[in-house]
Amino acid sequence: MRSFDDLWETSPRVLLITIAPHDATGELAGYTELDVPAEPDSPVEQVDTLVLPEHRGHHVGMLLKLTNLRELATRFPGSRSVETMNAEDNRHMLDVNEALGFLQVSYAARVEKEHRMSEESTFTIV
Ligand SMILES: CC(C)(COP(=O)(O)OP(=O)(O)OC[C@H]1O[C@@H](n2cnc3c(N)ncnc32)[C@H](O)[C@@H]1OP(=O)(O)O)[C@@H](O)C(=O)NCCC(=O)NCCS
């Protein structure tokens with residue numbers, strides 16, 4: 001993680017992170033990240049968002065994303081758009097994103113190769 005952080009230090013991109021410590025325990029309940037490119041015309045990438053299972057369903061995910069988007073608007077007022085990618089069956093994350101105003105613009109399929117001992121290989125669209 002430290003070497004990953006060191007890489008970000010040298011990058012012209014900025015990783016904007018909001019975290020949510022749990023008041024009672026100090027444990028990190030969740031975080032979200034926006035990857036901000038150096039060129040203001042390029043879209044910002046919404047990357048990871050994670051809330052620990054025991055803290056889900058209390059709008060921590062929504063508040064994390066809202067806070068980070070507000071920080072983006074304050075610190076990078078030239079940013080024009082934010083892109084994100086969600087699994088179609090991740091209803092909780094889609095609920096948050098739709099409420100925040102994200103609109104679907106495209107689909108992407110992933111192809112997974114199943115390794116078999118035989119010559120034959122099968123492919124599954126997931
Ligand atoms: C997706 C995720 C970040 C949502 O976090 P969260 O704090 O639970 O989010 P919210 O509470 O704001 O959830 C949004 C909606 O889903 C509901 N919800 C979320 N988790 C739920 C659960 N476990 N059971 C029932 N409802 C749930 C919320 O109640 C809310 O609905 P509402 O607005 O109608 O009340 C969290 O589930 C998670 O970390 N998932 C695993 C990682 C992941 O998939 N990340 C996104 C891909 S990058």
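Estimated at 0.36 nm per residue, the fully extended path between residue 105 and residue 81 surpasses their Cα-Cα distance by 7.4 nm. Taking GluC sites (Glu not before Pro) in DSSP loop conformation with at most 10 other Cβ atoms inside 10 Å as exposed sites, the chain has its longest uninterrupted site-free stretch at 1-87.
For the chain, the dipole from Cβ point charges (+1 on Lys and Arg, -1 on Asp and Glu) about the Cα centre works out to 280 debye, to the nearest 20. The length gained on full extension between residue 2 and residue 115, counted as 0.36 nm times the residue separation minus their Cα-Cα distance, comes to 37.3 nm.
For segment 1-29, list residues with backbone N below 20 Å from a point placed 7 Å from the Cα of residue 42 toward its Cβ? Answer for segment 1-29: 4-17. Think of segment 2-125 as having a plus end and a minus end, set by charges on the Cβ of Lys, Arg, Asp and Glu; of 32, 79, 111, 79 sits farthest toward the positive end of this dipole. The calculated 222 nm mean residue ellipticity attributable to helices in the chain amounts to -8500 deg cm²/dmol, summing -39500 (n - 2.57) over DSSP H runs of n ≥ 4 and dividing by all residues.
Could you pull out the trypsin sites (Lys or Arg not before Pro) across segment 1-103 that fall in loop regions by DSSP (anything but H, G, I, E, B) with no more than 16 other Cβ atoms inside 10 Å?
Answer in residue order: 13, 56, 80.
Fully extending the segment from residue 22 to residue 74 would add 16.2 nm, taking 0.36 nm per residue of separation and subtracting the current Cα-Cα distance. With the convex hull of the Cα atoms taken as the outline of the chain, the averaged projected area works out to 11.4 nm². Counted as membrane-span-like here are DSSP H helices of the chain whose alpha-carbon atoms extend 18 Å or more along the helix's own axis and whose Kyte-Doolittle mean is -1.0 or above; these are 60-75.
In segment 2-125, taking the dipole from charged Cβ atoms about the Cα centre, the farthest positive-side position among 93, 67, 51 is held by 67.
Throughout, read-outs are computed from the coordinates displayed, never taken from laboratory work. Keep in mind that what you see is a predicted model, and the values were worked out from it rather than measured. Glycine gets a Cβ as well: all are built from the backbone with ideal geometry, and neighbour counts include every protein chain shown.
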